[in-house]
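Read the figures in this text as sums done on the coordinates, not as results from a lab. Source: prediction; values computed, not measured. Note that we place each Cβ from the backbone using ideal geometry, even for glycine, and neighbour counts take in every protein chain shown.
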Amino acid sequence: MTILRNESFIAARRKWGIALSLAGILVLLGGMITTFVADPETYALYTWLTLPVGFLLSQVGLYFSHRYVRRPRPDERLEEGLDKVAKDGRLYHYVLPAPHVLLSPAGPIVLVAKFQSGDISVDGDKWTQKGLGLRRIFGQEAIGNPTAEAEYHVKQLAKFISQNAPELADKELPIGAIIVFTLKNGGTLDLAKSSIPAMHYSKLKGFWKQRKQDKPLPAADYEALRKAFDAAVKK
């Protein structure tokens, strides 16, 4: 499997994640210290402002940290799940309109990486996340709607293809999507009723072996996709 990753994109956001998380802690700590050592009447406004500002900085820092700082990162988990089974695939990270795209001989597949923990279930396109407690407020990003996220990324990728591989614009090109949970022990997953294939990253190998029977694209169509995707890497 060939991996094409936007390293500068990841490095920049890693720095932001570390810096914002540290800034949030320092702001909250500064407000706490001020409460105990300074005149409460004089610094009351400052103390109250540090709470929302520090919390906001911490949350934004966590957003970046979950995706670009903590190891293994979501992109690395996807590679682990597909290693040795998608040997003829090209995996693009943070290069295309969708963060993670696998170009297989049968066509492109959008991989929606979800790092959220808790007891997660889905019925069609309705997602539920339980078992978080206070983590829902502090440090845990909500699951959102991975189905809608996948559909959005598929549309964006289709738009990219029509603009950058115009010879494919009038063809009904299959674009798949898989929702992948990348946390090793994040809780229970009940994903059988998902309208879009959804699974833990450890299940990717078995799923991919079944997809090997999919009809491959015409060689010219695959080559047009590869050239368009690879050109995005060089920009």
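Annotation for GLN59 and THR35: the two label points, set 7 Å from Cα along the Cα-Cβ direction, are 1.9 nm apart. Derived scalar couplings between HN and Hα for region 81-96 equal x, 9, 4, 6, 9, 9, 4, 9, x, 10, 9, 9, 10, 6, 10, 9 Hz in order, rounded to whole Hz, by the Karplus curve 6.51 cos²θ - 1.76 cosθ + 1.60 (θ = phi - 60°), x for Gly and Pro. With a Förster radius of 30 Å applied to the C-beta separation of PHE9 and LEU45, the computed FRET efficiency comes to 0.20. Taking all Cα-Cα distances within the chain, those exceeding 22 Å account for 60%. Each residue of region 15-27 was assigned a 3J(HN,Hα) from its phi angle through the Karplus expression (A = 6.51, B = -1.76, C = 1.60, θ = phi - 60°), giving 4, 4, x, 5, 5, 5, 4, 5, 4, x, 5, 5, 5 Hz with x at Gly and Pro.
Here the ratio of the Cα radius of gyration of region 101-232 to 2.2 N^0.38 Å is 1.19. Stretching the chain fully between ARG226 and THR188 yields a gain of 10.0 nm (0.36 nm per residue, less the alpha carbon separation).
For the pair LYS130 and GLU76, label points projected 7 Å from Cα toward Cβ lie 3.3 nm apart.
What FRET efficiency, computed as 1/(1 + (r/R0)^6) with R0 = 25 Å and r the Cβ-Cβ distance, is obtained for ILE18 and ASN145, rounded to the nearest 0.05? Kindly include the intermediate steps, with their values, before the conclusion.
Working: r = 29 Å, r/R0 = 1.16.
The computed FRET efficiency comes out at 0.30.
Can you compute the equivalent ellipsoid semi-axes for region 2-115, i.e. the square root of 5 times each eigenvalue of the Cα gyration tensor, sorted largest first and rounded to whole Å? Mind showing how you got there, number by number?
Numbers: eigenvalues 374, 23, 19 Å².
Computed over region 2-115, the values are 43, 11, 10 Å.
Equivalent-ellipsoid semi-axes for region 158-233 (Cα gyration tensor, √(5λ), whole Å, largest first): 30, 14, 12. The stretch between LYS209 and ASP88, if pulled fully straight at 0.36 nm per residue, gains 42.3 nm over its current Cα-Cα span.
Kindly provide the Kirkwood hydrodynamic radius of region 2-69 in Å, to one decimal, from all pairs of distinct alpha carbon atoms.
Working: mean 1/r = 0.0758 Å⁻¹.
Taking the inverse mean of 1/r over all distinct Cα pairs, region 2-69 comes out at 13.2 Å.
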